[in-house]
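Chemist: Just dropping this structure here.
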Amino acid sequence: MKNTTVYVDKTYKLTRETAPLSLILASRHTQRFPLLHFDEDTGTNKALRYARNQNSPFQEDQDNNAILEPIVFENGFLTVPKNNQVLQKFLHFHPGNGRVYVEVNKAKEAAEIVEILNTEVDALIEARQLTLDQVENVSRVLFQRDVTTVSTDELKRDILVFAKNQPKDFLLLLKDPMLKMNATIQSFFDKGFLTKRNSDKEVWYNTPSNKKKMLNVPYGEEPSHMVASFFQSDEGIESLKHLSGLAKNV
């Protein structure tokens, strides 16, 4: 049966952001620097050793005439030609694979870049198609600002910039069923119908007929999240209706 394996040149790069001009990779197992690969089939650890005149990267499969040579990354990269299969196999089994270095996979990297760009495009399209109400809601949640003090174009600009820089977070926000609720709550704070006191540990009503404390904010919780939870209770539903009615008249 014909061997259909395709042998290709491979390039490896160090994972550290700032690579040294030259790095020598450990190329043989020693007691001081263990270099072992766990064989799932036999349940044993096999010592690794790179020898360019051998056909196997495992020391137990090599003869006594092994010719050892260093493995050197230059400027963070190492290219191994297809006719050096023993080194490619050695680098595959090396415990530093994925930690100290990775194989450069141009097709995979291109696919990842395409996915990132597509997500960015999707986010920008969604941002551009937002209605004015949605622009205001998203701005209230994202930027925690009083949208009545900022022009519509400024809001749209800031949303587009956010969608471009953080497309995944933006798309997740649009799918959040609590988006409208969170925006409504922020508008209550913006219009002064709700206030935060005691270093944001308390939320108080601030309407003409109600100046009482609404709730305490537990340590580590966001005031808006606690208000949203309260509005889903029986008592909170009535408060939400009352505040919403006041907000419409402002």
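Chemist: Determine whether Val114 is assigned to a helix (DSSP H, G or I) and free of Cβ contacts under 8 Å to residues at least 12 places away in the same chain.
Modeler: Here the answer is yes, as Val114 does meet what is asked.
Chemist: Within the range 202-250, which residues are over 19 Å from Met181 (Cβ atoms), within 38 Å of the chain's Cα centre (by Cα) and either hydroxyl-bearing (Ser, Thr, Tyr) or surrounded by 14 or more Cβ atoms within 10 Å (Cβ to Cβ) (or both)?
Modeler: Hits for the range 202-250 are Glu202, Trp204, Tyr219.
Chemist: Among Leu78, Leu68, which is assigned by TED's automatic domain parsing to the domain that holds Leu36 and loosely packed, with under 15 Cβ neighbours inside 10 Å?
Modeler: Just a single option satisfies the conditions, and that option is Leu68.
Chemist: May I ask you to list the residues in the range 81-106 that are surrounded by 13 or more Cβ atoms within 10 Å (Cβ to Cβ) and over 21 Å from Thr30 (Cα atoms)?
Modeler: Asn84, Gln85, Val102, Glu103, Val104
Chemist: Within the range 239-247, does at least one residue satisfy the condition of being farther than 13 Å from Ile185 by Cβ, in a helix (DSSP H, G or I) and among the hydrophobic types (A, V, I, L, M, F, W, C)?
Modeler: Scanning the range 239-247, I find at least one residue that is farther than 13 Å from Ile185 by Cβ, in a helix (DSSP H, G or I) and among the hydrophobic types (A, V, I, L, M, F, W, C), so the answer is yes.
Chemist: Count, please, the residues in the range 174-183 that happen to be crowded, with 19+ Cβ neighbours inside 10 Å and in contact with a Leu (Cβ under 8 Å, 6 or more places away or on another chain).
Modeler: Number of matching residues: 0.
Chemist: Exactly one condition in (1) surrounded by 15 or more Cβ atoms within 10 Å (Cβ to Cβ); (2) assigned to a loop (DSSP other than H, G, I, E, B) is false for Leu23; which is it?
Modeler: Answer for Leu23: the failing condition is (2).
Chemist: So which residues in the range 140-173 are part of a helix (DSSP H, G or I) and either in the same structural domain as Glu222 (by TED's automatic domain parsing) or under 21 Å from Phe231 (Cα atoms) (or both)?
Modeler: Passing the criteria: Arg140, Val141, Leu142, Leu173.
Chemist: Sort through Asp133, Asp63 and tell me the only one that's at pLDDT below 95, in a loop (DSSP other than H, G, I, E, B) and surrounded by fewer than 13 Cβ atoms within 10 Å (Cβ to Cβ).
Modeler: Asp63
Chemist: Find all pairs meeting these conditions: Cβ atoms under 8 angstrom apart; at least six residues apart or on different chains; first residue within the range 222-250 and closer than 18 Å to Lys212 by Cα; second residue among the acidic types (Asp, Glu).
Modeler: Pro223/Asp200
The values are calculated or read from the model by the stated rules, or taken from the named source; none is laboratory data. Since this is a predicted model, take the numbers as computed values, not measurements. Here Cβ is always computed from backbone atoms with ideal geometry, including for glycine, and neighbour counts include all displayed protein chains.
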